[in-house]
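A.B. asks: Okay, here's the structure, questions in a sec.
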Amino acid sequence: MSTIQDASRLYSKFDPRTGTIDAAPRLERRLADLRGCFHDAQAYERALEQDNPLVYSVASVEPADGSGDLHCGLGVLQPGLIGNEYFLTKGHLHTWRDAAEIYICLSGEGAMLLEDEASPGSRLVPMQANSIVYVPGHTAHRTINTGNEPLVYLGVYPATAGHDYQAISRRNFQSVVVSRDGHPCLLPRT
Ligand code: PA5
Ligand code: MN
């Protein structure tokens with residue numbers, strides 16, 4: 001068998017329980033990093049007075065950054081509520097707007113909130129183990145954990161996509177996903 005000269009570019013092992021990928025950086029977002037994301041600002045401040053829990057982590061493997069290359073993130077989004085709104089990711093558009101992304105859900109129960117930048121309205125796509133969600137280009141995307149256990153997924157996207165958080169931090173998503181009688185419900189943000 002020939003030796004793999006640069007194995008780190010070709011092969012990675014990940015652990016879905018810890019949200020780590022061998023030798024890859026891992027970013028953590030805690031509740032304090034999500035100011036402005038939740039619709040109930042008072043519930044957010046009350047929760048933050050009690051604790052600053054880990055909401056999600058993303059470990060990223062970025063083997064090369066040429067125009068044809070791919071990057072991959074292992075996301076672990078914890079279960080929880082702020083008021084009646086489920087734990088969520090910040091959400092973003094890709095800096096290179098044409099860039100699409102594939103999410104492969106490994107475990108947990110959740111949903112992907114999608115909003116096309118050019119047309120009003122939201123779409124909520126289910127995420128559960130063994131499902132694939134396609135995020136088209138020009139589409140803001142936010143992951144939401146609607147279950148009782150961590151939502152674990154891999155996101156694969158062009159290396160040159162980039163993460164643009166600014167548009168979302170200015171106007172947020174048009175819709176919120178809240179728990180009603182224990183079930184997820186998509187409502188317009190008021
Ligand atoms: O690249 C992606 O779309 C994902 O890996 C996200 O970065 C991950 O879900 C975390 O979300 P956000 O980047 O919006 O904080
Ligand atoms: Mn993305």
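The values are calculated or read from the model by the stated rules, or taken from the named source; none is laboratory data. Please read these numbers as outputs of a predicted model, since none were measured by experiment. When we count neighbours, we look across all protein chains shown, and the Cβ atoms used for this are built from the backbone with ideal geometry, even at glycine. When the accessible area is computed, the model is the full protein with side chains, heavy atoms only, and any ligands, DNA or RNA have been set aside. Shrake-Rupley method; radii C 1.70, N 1.55, O 1.52, S 1.80 Å.
Residue-by-condition table, conditions (1) closer than 24 Å to CYS185 by Cβ; (2) not in a strand (DSSP E or B):
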residue	(1), (2)
ALA24	no, yes
GLN42	yes, yes
ARG46	yes, yes
ASN52	no, yes
ALA64	no, yes
GLY75	yes, no
PRO79	yes, yes
ALA99	no, yes
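A.B. asks: With LEU34, LEU88, LEU106, LEU54 as the choices, which residue is farther than 28 Å from PRO136 by Cα, open to solvent by less than 70 Å² (accessible area, probe 1.4 Å) and among the hydrophobic types (A, V, I, L, M, F, W, C)?
C.D. replies: LEU54
A.B. asks: Looking at LEU93, LEU154, LEU74, which one is touching a helix residue (DSSP H, G or I) at 6+ places or on another chain (Cβ under 6 Å) and within 16 Å of ligand 2 (Cβ to nearest atom)?
C.D. replies: LEU93
A.B. asks: Looking at the range 160-183 only, could you name the residues that are surrounded by fewer than 18 Cβ atoms within 10 Å (Cβ to Cβ) and either over 24 Å from ALA99 (Cβ atoms) or among the small types (Gly, Ala, Ser) (or both)?
C.D. replies: Within the range 160-183, GLY162, ALA167, SER169, SER179, ARG180, ASP181, GLY182, HIS183 qualify.
A.B. asks: Another question, then. Residues to consider are GLU62, GLU45; find the one that is surrounded by fewer than 16 Cβ atoms within 10 Å (Cβ to Cβ), touching a His at 6+ places or on another chain (Cβ under 8 Å) and among the charged types (D, E, K, R).
C.D. replies: Going through GLU62, GLU45 in turn, just one is surrounded by fewer than 16 Cβ atoms within 10 Å (Cβ to Cβ), touching a His at 6+ places or on another chain (Cβ under 8 Å) and among the charged types (D, E, K, R): GLU62.
A.B. asks: If you don't mind, another one. Mind listing whichever residues of the range 132-157 are in a strand (DSSP E or B) and of a type outside the set (A, V, I, L, M)?
C.D. replies: Those that are in a strand (DSSP E or B) and of a type outside the set (A, V, I, L, M): TYR134, THR139, HIS141, ARG142, THR143, ASN145, TYR153, GLY155, TYR157.
A.B. asks: Among the residues in the range 107-119, are any of a type in the set (Asp, Glu), more than 11 Å from ligand 1 (Cβ to nearest atom) and touching a Phe, Trp or Tyr at 6+ places or on another chain (Cβ under 7 Å)?
C.D. replies: Yes: the range 107-119 contains one or more residues that are of a type in the set (Asp, Glu), more than 11 Å from ligand 1 (Cβ to nearest atom) and touching a Phe, Trp or Tyr at 6+ places or on another chain (Cβ under 7 Å).
A.B. asks: Evaluate the following for LEU10: is it of a type in the set (A, V, I, L, M), more than 19 Å from HIS163 (Cα to Cα) and surrounded by 12 or more Cβ atoms within 10 Å (Cβ to Cβ)?
C.D. replies: no
A.B. asks: I'd like to know if the range 155-171 contains one or more residues that are polar (S, T, N, Q) and under 16 Å from the mean Cα position of the chain (by Cα).
C.D. replies: Within the range 155-171 (the criterion being polar (S, T, N, Q) and under 16 Å from the mean Cα position of the chain (by Cα)), the answer is yes, since at least one residue qualifies.
A.B. asks: Hey, can you tell me all the residues within the range 158-182 that are out of contact with any Cys (no Cβ under 8 Å at 6 or more places or on another chain), outside any loop (DSSP other than H, G, I, E, B) and in contact (Cβ under 8 Å) with a residue 12 or more places away in the chain?
C.D. replies: Result: PRO158, HIS163, ASP164, ALA167, ILE168, SER169, SER175, VAL176, ARG180.
A.B. asks: Okay, moving on. Output the residues belonging to the range 91-103 that are hydroxyl-bearing (Ser, Thr, Tyr) and crowded, with 16+ Cβ neighbours inside 10 Å.
C.D. replies: TYR103
A.B. asks: Give me a count of the residues in the range 117-156 that are touching a residue at least 24 places away in the same chain (Cβ under 8 Å) and either surrounded by 14 or more Cβ atoms within 10 Å (Cβ to Cβ) or of a type in the set (A, V, I, L, M) (or both).
C.D. replies: 26
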